[in-house]
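Encoded as structure tokens, the structure appears first; notes follow it.
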Amino acid sequence: MPATLAKAPAAPRDFAACSGCSLCLLVCPMWRRHHDPRLTPEGMAKALQCGATAADLADPVETCSLCGACDPVCPERIDLSGMVMELRHQLAGALPPPGLPPMERPALFAELQARMQHEERPAGPSQVSLRSDTVFLPGPALRADPAFLERTVALLNLPVFADDGDDIALALELGADIPQTRLQSFVDSLRGHSIVAADGLLLRQLRRWLPGSKRMGLGAALCSRAAVRSNLAATDLYVIEPRACHADYERMVIYYNNLQIEIGCSLSLDLQRIAIPASAPGLRHRLGLAAADDDTQARWILRGRTPERIVVEDLADIAAFRRITDIPVVHLAELGGDPTMIRKTARAFN
Amino acid sequence: MLKIPLVEPGTVGPCPVASDALQGIKRQQTNPARWNGAGWPAFVATLRAGGVELAEGSVACGVYATDAGGTAYGLPHGVVIARNAGQVSFLLKTAQTHRVPVTVRGGGLTTEGESVAFGGVLLDMIGMSRVVSIDAAGLTVRTEAGIFWHSLAEELRRENLDYLSAPLNMTSSVGGTLGVGGIDVNSARLGCSADQAISLQVVTPSGEIVECSDSENGELFQRVILGYGQFGIITEATLRIRPYTPLRMYYYYYSSLRVAIEDLQILDRNDASDYSGILTIMDCAVNLLVAFDSDEREAAFHAHWKSRLRGYGETGFALCMAGHYALRPWKFREALYLLQRKREVFPEFRRAEYMRDKKMYDRTVVFSRAVWKHWGSKQMVIPDLATPADKFIEAVERGNAVCRKYFTHYTLYCVGIKLRPEHLPHYEMSCIPPGAEGWAYGCEFEPMIEGGIYSRDHFQSFKNAIYDIGVDMGASYYRFGGMMKGYIRRVFGDALVDRHLAMKRKADPAMILNRDVIF
């Protein structure tokens with residue numbers, strides 16, 4: 001596995017350490033779209049320093065896409081995404097103001113809680129016999145497309161872990177409570193395994209829950225396969241999935257730097273070497289309460305660039321680009337179509 | 001009974017830091033009095049009726065409670081995010097009518113409270129952050145003035161272009177920089193950032209939207225450039241730009257400030273490099289950086305100038321230092337600090353993702369991230385001195401002695417600024433010292449706070465001690481506004497200050513714009 005052992009991150013600091021340098025604004029998709037400092041990590045941190053509550057910050061907290069771009073640029077090492085996730089958690093658990101009816105919550109919250117409380121989760125697949133085996137957590141988007149999942153699994157040559165923590169990933173997104181028993185069983189089942197996860201937010205948390213474990217995003221894992229990598233071209237625009245990249249930034253920035261040197265393709269990185277999200281859906285969008293109507297990010301990635309093909313790590317980015325360009329857009333998994341190459345490299349990953 | 005003279009708003013009162021003020025008491029400086037809020041509700045009602053969104057309340061205003069300096073604190077009554085020149089114009093017209101102070105903020109990177117509002121409205125210009133147009137053939141860009149220099153660089157780079165010079169800080173705003181100067185490590189060759197402005201769209205304190213340049217409304221242009229925000233709000237700017245090039249960087253190390261500055265000035269006088277500047281760890285390790293945009297310029301430097309520099313390479317300097325401290329074992333703590341600093345800071349300037357074929361890409365990102373990571377903190381105190389070339393060594397050495405007296409660890413940052421004779425009117429009452437010809441030189445004296453706790457009086461005494469050197473030497477300062485404005489008359493003299501005050505009164509009858517920054 002090309003991933004080196006990722007060390008546990010240095011203890012992050014909280015909002016009180018924000019010095020107002022504004023470096024996080026430069027990489028924030030909310031800033032690019034709204035140009036309103038209140039809708040930025042710095043705006044939230046400064047407001048919290050002034051005594052703001054989660055309810056005061058509901059708008060920016062729900063607008064944030066949790067892309068994690070702000071985390072690696074913060075010179076004070078503030079866990080800014082963690083701050084937003086904590087605020088979401090507080091919002092989700094907030095009691096309604098006295099005299100007002102209970103706040104409306106999407107039914108999704110209740111369903112999720114019920115699932116996590118009561119659902120029996122399958123154990124890992126039978127072929128995962130050793131704790132040292134690498135396992136794949138595909139997440140709901142890939143599971144929804146069985147043919148695509150099959151192709152991805154063939155390329156990775158990894159067993160799909162039956163419990164891929166999709167409920168936990170959703171709870172992280174929503175700020176919902178995760179029952180301790182559910183979390184413990186999930187983390188215990190992964191202990192000792194190397195992990196490839198499609199969900200960048202889950203990957204971020206796994207870094208904290210399983211310090212010292214080997215983890216990798218789906219994009220980087222696929223791109224490490226010769227069958228895929230050999231089909232990348234210098235004329236490609238390679239679009240990085242930002243959450244997984246920023247969750248393990250110090251390692252991934254070197255990884256992508258080497259990829260660029262090797263292939264010569266352009267990457268969806270800004271001048272600070274931060275992955276520009278191709279879309280930046282807030283909470284309402286992710287809950288399906290708002291339509292994806294904003295192309296700001298995808299247009300910004302393409303500005304001044306004329307690639308012959310766009311290669312994306314994240315399935316969701318295909319739609320974001322197809323809305324605004326005729327340039328062919330493909331997922332990494334679609335590059336590794338040569339079965340000979342797949343067989344040839346089948347064991348290379350482990 | 002203590003008699004406190006009444007001071008009319010918008011005028012400079014008795015100097016609170018003058019040597020004869022508060023006899024027997026350490027000179028101190030305080031925040032200005034908070035505006036009393038008279039007429040605020042009517043002002044707000046007029047603004048809102050005109051469609052201007054104004055946020056009030058502690059959360060909205062608290063975000064702007066201080067600036068990068070972190071020693072001046074104040075709260076506005078309300079905040080407006082700038083959206084377009086028309087909105088800014090309406091705001092200023094209404095503020096004139098209701099006599100409500102308007103404090104303008106860009107990146108908020110002032111250190112003396114210049115962008116902190118002590119009541120009234122805070123106008124946050126970073127809401128106007130769009131690039132209007134890029135003329136790649138004519139090498140100019142038109143941009144809204146609230147944009148961060150880094151955001152401008154991001155846009156320009158998509159066309160393989162770059163700005164000419166900007167502060168080594170990604171979150172300085174274009175408008176704020178043009179208002180005070182803007183120094184880069186290429187300023188010895190290209191001048192300050194403000195010199196790159198071709199024309200501006202300005203909203204005057206009375207709310208007129210005016211396009212100005214050296215040839216059109218020249219007097220306004222001269223006053224707004226380097227004008228510390230007294231004569232108008234820059235809403236758009238047309239700037240010179242250039243094709244992007246990565247650069248090749250060299251570092252030379254000295255143990256003598258004097259020798260390093262002499263070498264810096266040799267390079268500048270002879271146009272021997274594209275970039276030059278000095279960054280130190282106290283006065284123990286003095287780093288002269290030299291960089292080039294092209295192979296030709298680099299080759300010329302190697303052929304003609306490299307051998308004349310008296311600095312060491314990294315290995316040679318390490319050996320030199322080892323010998324120095326071996327003979328002075330009682331200074332082992334200082335040696336340890338130098339080693340620790342080297343280990344922390346040097347890798348930042350060599351990160352693999354910014355280096356290719358031994359060239360540095362995106363130098364501002366490299367420098368700015370390093371600056372914030374290793375020099376930044378919630379409090380930043382950076383007094384400076386700007387002098388003509390011939391007085392610079394003395395100014396730095398005297399300032400260095402002050403730093404040693406007040407702080408255990410500190411950094412000096414020295415850079416030259418090429419002056420443009422045709423811009424002399426721009427330089428009046430600015431950071432460019434009177435009497436400088438050819439080049440001016442600036443030095444920032446930055447103590448390393450490093451989690452230490454110092455009183456505001458300690459900081460202020462330190463700043464006063466540095467600024468007193470400037471008064472004594474006839475120098476100027478980059479940061480003479482806000483908490484340091486007591487030095488303005490001492491440095492520039494009554495005649496010049498009174499002339500500018502008269503112009504200010506005429507342009508800003510209610511004295512609402514950036515009150516207490518200069519006047």
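The values are calculated or read from the model by the stated rules, or taken from the named source; none is laboratory data. All values reported here derive from a predicted model rather than from experimental measurement. Cβ placement follows ideal geometry from the backbone for every residue including glycine, while neighbour counts extend to all protein chains displayed. Ligands, DNA and RNA are stripped out before the accessible areas are found, and what is left, the full protein with its side chains, is counted by its heavy atoms. Shrake-Rupley method; radii C 1.70, N 1.55, O 1.52, S 1.80 Å.
So here's what we get for this one:
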{"quantity": "Span from the the range B:230-299 Cα centroid across to the the range B:402-416 one, whole angstrom", "calculated": "19"}
{"quantity": "Of B:Thr204, B:Ser193, B:Thr143, farthest towards positive along the dipole that unit charges on Lys, Arg, Asp, Glu beta carbons give the range B:129-243", "calculated": "B:Ser193"}
{"quantity": "The range A:169-197-the range B:491-513 distance, computed between alpha-carbon centres (Å)", "calculated": "65"}
{"quantity": "Accessible area of the range A:232-334 divided out per residue, in Å², using a probe of 1.4 angstrom", "calculated": "38"}
{"quantity": "Distribution of pairwise C-alpha distances over the range A:15-93, 10 Å bins, in %", "calculated": "21, 60, 19, 0"}
{"quantity": "Among B:Gly113, B:His458, B:Thr177 - extreme Cα towards positive end, dipole of chain B, charges at beta-carbon", "calculated": "B:His458"}
{"quantity": "For the range B:129-243, accessible area per residue (1.4 Å probe, heavy atoms of protein chains only), Å²", "calculated": "27"}
{"quantity": "Neighbouring partner chain Cβ atoms per residue of A:268-276, average, 10 Å criterion", "calculated": "4"}
{"quantity": "Reference-scaled alpha-carbon Rg (2.2 N^0.38 Å with N residues) for the range B:327-421", "calculated": "1.35"}
{"quantity": "Sulfur and carbon atoms: percent of accessible area, chain B [1.4 Å]", "calculated": "56"}
{"quantity": "Sorted peptide list for B:382-390, B:415-423, criterion being average Cβ within 10 angstrom, highest first", "calculated": "B:382-390, B:415-423"}
{"quantity": "Relative packing of peptides A:162-174, A:181-193 - highest average C-beta neighbours within 10 Å first", "calculated": "A:162-174, A:181-193"}
{"quantity": "Derived scalar couplings ³J(HN,Hα) [the range B:384-396; Karplus, 6.51 cos²θ - 1.76 cosθ + 1.60; whole Hz; x for Gly, Pro]", "calculated": "9, 9, 10, 9, x, 4, 6, 9, 5, 4, 4, 4, 5"}
{"quantity": "Size of charge dipole - chain B - debye, nearest 20, with Cβ of Lys, Arg +1 and Asp, Glu -1, no other charges", "calculated": "1220"}
{"quantity": "Solvent exposure ordering (accessible area, 1.4 Å, most first) of B:Tyr487, A:Tyr255", "calculated": "A:Tyr255, B:Tyr487"}
{"quantity": "Theoretical FRET efficiency, 1/(1+(r/R0)^6), r = Cβ-Cβ of B:Asp271 and B:Glu397, R0 25 Å, to 0.05", "calculated": "0.45"}
{"quantity": "A:Arg208/A:Glu111 FRET efficiency (R0 22 Å; Cβ-Cβ; nearest 0.05)", "calculated": "0.25"}
{"quantity": "Rotationally averaged projected area of the range A:108-218 (alpha carbon convex hull; nm²)", "calculated": "6.6"}
{"quantity": "10 Å Cβ neighbours from other chains, averaged over peptide A:33-40", "calculated": "5"}
{"quantity": "For the range A:183-223, fraction of C-alpha pairs farther apart than 14 Å, in %", "calculated": "42"}
{"quantity": "In Å², nearest 10: area of B:Arg248 left accessible to a 1.4 Å probe", "calculated": "60"}
{"quantity": "Test item: B:49-59 mean partner chain Cβ contacts at 10 Å", "calculated": "2"}
{"quantity": "Dipole of the range B:248-484 [Lys/Arg +1, Asp/Glu -1 at C-beta], most positive-end residue of B:Leu338, B:Leu264, B:Phe349", "calculated": "B:Leu338"}
{"quantity": "Value in Å of the Kirkwood radius, where the protein assembly as shown supplies the Cα pairs that are averaged", "calculated": "29.2"}
{"quantity": "Binned Cα-Cα distance frequencies in the range B:248-484 - 5 Å width, integer %", "calculated": "1, 6, 13, 16, 19, 18, 14, 9, 4, 1, 0"}
{"quantity": "Surface share of carbon and sulfur [accessible, 1.4 angstrom probe, percent] for the range A:15-93", "calculated": "50"}
{"quantity": "q = 0.13, 0.17, 0.24 Å⁻¹: log10 I(q)/I(0) that the Debye formula gives for the range A:232-334, counting C-alpha atoms only", "calculated": "-0.45, -0.77, -1.43"}
{"quantity": "The protein assembly as shown: antiparallel DSSP beta bridges as a percent of all, rounded to 5", "calculated": "70"}
{"quantity": "Distance from the range A:71-90 to the range A:309-324 (C-alpha centre basis), Å", "calculated": "27"}
{"quantity": "If the convex hull is drawn through the Cα atoms of the range B:111-194, its volume per residue in Å³", "calculated": "99"}
{"quantity": "Accessible surface of A:Ile261 - all protein chains present, 1.4 Å probe, nearest 10 Å²", "calculated": "100"}
{"quantity": "Chain B - percent relative contact order, Cα under 8 Å, separation 6 or more", "calculated": "17"}
{"quantity": "Sequence-separation-based contact order of the range A:232-334, relative, with Cα cut under 8 Å and 6+ spacing, percent", "calculated": "32"}
{"quantity": "Measure of compaction for chain B (Cα Rg per 2.2 N^0.38 Å)", "calculated": "0.97"}
{"quantity": "Flagged links, alpha-carbon separation over 30 Å, of B:Lys331/B:Lys373; A:Lys46/B:Lys463; B:Lys306/B:Lys378", "calculated": "B:Lys306/B:Lys378"}
{"quantity": "Cα-based equivalent ellipsoid, the range B:129-243: semi-axes from gyration tensor eigenvalues, Å", "calculated": "21, 15, 13"}
{"quantity": "The range A:187-253 - Rg and Dmax from Cα coordinates, angstrom", "calculated": "13.1, 43"}
{"quantity": "Percentage relative contact order, the range A:108-218, counting C-alpha pairs under 8 Å, at least six apart", "calculated": "32"}
